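Report on the following structure.
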Amino acid sequence: MAVMITDCCINYDTCIDECPATAIVSANDSPIVAKEYTYVKPEKCIECVDSSVPKCADVCPTEGAIVWDMPYAPSYHEYYMYGQTQGLYAIRVHPKKGMLSPEMQPRPFRENISIDQRQSHESVL
Ligand code: SF4
Ligand code: SF4
């Protein structure tokens, strides 16, 4: 990923228009079954690597709503596939390429964010 949105989210949706990768959708448009919160598509999130801070977190009024997740990289393919089976993610299936998994379509990520920060889902800002 990426970043993910937690149950601290108040669905204010300020973050959606800020995302340069169109990775964020409102709860109503979320592809996951629960559909309770604004959702980040991990197969699209680029962690705003060209900006000083992730733009979604920069405008979010709710502490703990946007947290780090694992890199969307081939070495975390199984992590995301397991999350998919648990209903945490709904990774897009392209009609020709198949599932846009971390192996099929890795995304840029911030190398200065440690794996510990990601595993503990530390707040982005
Ligand atoms: S993550 Fe933050 S900005 Fe985005 S909808 Fe939730 S509370 Fe609003
Ligand atoms: S970190 Fe950047 S690319 Fe990822 S969801 Fe937030 S605004 Fe979009």
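The values are calculated or read from the model by the stated rules, or taken from the named source; none is laboratory data. Here the structure is a predicted model, which means the values were calculated and not measured. Neighbour counts are summed over all protein chains in view; Cβ atoms, including those assigned to glycine, are modelled from backbone coordinates with ideal geometry.
Which one of these does residue 17 not meet: (1) in a loop (DSSP other than H, G, I, E, B); (2) within 15 Å of ligand 1 (Cβ to nearest atom); (3) charged (D, E, K, R)?
(1)
To keep it simple, each residue is scored yes or no on (1) surrounded by 22 or more Cβ atoms within 10 Å (Cβ to Cβ); (2) more than 16 Å from ligand 1 (Cβ to nearest atom); (3) among the charged types (D, E, K, R).
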| site | (1), (2), (3) |
| --- | --- |
| 34 | no, no, no |
| 61 | no, no, no |
| 71 | yes, yes, no |
| 112 | no, yes, no |
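If I go through the stretch 20-50 residue by residue, how many of them are in a loop (DSSP other than H, G, I, E, B), of a type in the set (Val, Ile, Thr) and on the phi < 0 side of the Ramachandran plot?
5
Taking the stretch 5-24 only, how many residues are under 17 Å from residue 83 (Cβ atoms), more than 9 Å from ligand 2 (Cβ to nearest atom) and not hydroxyl-bearing (Ser, Thr, Tyr)?
Qualifying residue count, the stretch 5-24: 1.
Output yes when any residue across the stretch 62-73 is more than 20 Å from residue 29 (Cβ to Cβ), over 15 Å from the mean Cα position of the chain (by Cα) and not acidic (Asp, Glu), and no when none is.
Within the stretch 62-73 (the criterion being more than 20 Å from residue 29 (Cβ to Cβ), over 15 Å from the mean Cα position of the chain (by Cα) and not acidic (Asp, Glu)), the answer is no, since none of the residues qualifies.
For the stretch 3-14, name all the residues that are part of a loop (DSSP other than H, G, I, E, B) and either under 14 Å from the mean Cα position of the chain (by Cα) or without any contact (Cβ under 8 Å) to a residue 40 or more places away in the chain (or both).
6, 7, 9, 11, 13 - these are the residues of the stretch 3-14 that are part of a loop (DSSP other than H, G, I, E, B) and either under 14 Å from the mean Cα position of the chain (by Cα) or without any contact (Cβ under 8 Å) to a residue 40 or more places away in the chain (or both).
Exactly one condition in (1) out of contact with any strand residue (DSSP E or B) (no Cβ under 7 Å at 6 or more places or on another chain); (2) part of a helix (DSSP H, G or I); (3) not aromatic (Phe, Trp, Tyr) is false for residue 101; which is it?
(2)
From 115, 66, which residue is in contact with a Leu (Cβ under 8 Å, 6 or more places away or on another chain) and either without any contact (Cβ under 8 Å) to a residue 60 or more places away in the chain or within 10 Å of ligand 2 (Cβ to nearest atom) (or both)? Break it down stepwise before answering.
Numbers: 115 fails: in contact with a Leu (Cβ under 8 Å, 6 or more places away or on another chain).
66 is the lone residue from the list that is in contact with a Leu (Cβ under 8 Å, 6 or more places away or on another chain) and either without any contact (Cβ under 8 Å) to a residue 60 or more places away in the chain or within 10 Å of ligand 2 (Cβ to nearest atom) (or both).
Looking at (1) at pLDDT below 95; (2) touching a Lys or Arg at 6+ places or on another chain (Cβ under 6 Å), which is the only condition residue 46 fails?
(1)
Of the conditions (1) surrounded by 16 or more Cβ atoms within 10 Å (Cβ to Cβ); (2) under 22 Å from residue 125 (Cβ atoms); (3) within 15 Å of ligand 1 (Cβ to nearest atom), residue 6 satisfies every one except a single condition; which number is it?
The failed condition is (1).
Among the residues that make up the stretch 61-77, is at least one of them of a type in the set (Asp, Glu) and part of a loop (DSSP other than H, G, I, E, B)?
First, pick out the residues of the stretch 61-77 that are of a type in the set (Asp, Glu): 63, 69.
Next, only the ones that are part of a loop (DSSP other than H, G, I, E, B) stay: 63, 69.
Yes, because at least one residue in the stretch 61-77 is of a type in the set (Asp, Glu) and part of a loop (DSSP other than H, G, I, E, B).
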